[in-house]
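Enquirer: Okay, handing you the structure first.
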Amino acid sequence: MTVKFYDDDDDIFFDTDDFAEVATLADGSTINVIPSREYVETLGVENCDLTIVVKEADAENLSHGDEIIIDGITYTIRAKQQQDDGSVVVGLTR
């Protein structure tokens, strides 16, 4: 069950004018992500160069080993962790 502390639409957080950046998937499609340069220990994965927060609906087609491009850098998906707020944290390596 998704529990939110607010009633607003998630899209406000994934607006590229504010918090988010555009990421390009291997099939050429794009999604908005919120990058974090900090390692998220709860992923249980070592060597994550970057973690991103993705809307749950956008994360459905992301799989371990998929490539994703952010700021011209290609990363490989190493982990996905569902959050309680309807988002997914994705661990990436170069």
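The values are calculated or read from the model by the stated rules, or taken from the named source; none is laboratory data. Note that the structure is a prediction, hence the values are computed from the model and not measured. Cβ: placed from backbone, ideal geometry, glycine included. Neighbour counts: every protein chain shown.
Enquirer: Going residue by residue through segment 68-79, is there one that turns out to be among the charged types (D, E, K, R), within 12 Å of the chain's Cα centre (by Cα), under 18 Å from residue 29 (Cβ atoms) and surrounded by fewer than 18 Cβ atoms within 10 Å (Cβ to Cβ)?
Expert: No, the conditions are met nowhere in segment 68-79.
Enquirer: So, one more: With respect to residue 61, is the statement that it is more than 14 Å from the chain's Cα centre (by Cα) and modelled with pLDDT under 90 true?
Expert: no
Enquirer: Part of a loop (DSSP other than H, G, I, E, B), under 16 Å from residue 34 (Cα atoms), touching a residue at least 24 places away in the same chain (Cβ under 8 Å) and touching a strand residue (DSSP E or B) at 6+ places or on another chain (Cβ under 7 Å): does that describe residue 92?
Expert: Judged against the criteria, residue 92 is not a match.
Enquirer: Residue by residue through segment 57-67, note down the ones that are surrounded by fewer than 14 Cβ atoms within 10 Å (Cβ to Cβ) and hydrophobic (A, V, I, L, M, F, W, C).
Expert: Result: 57, single match.
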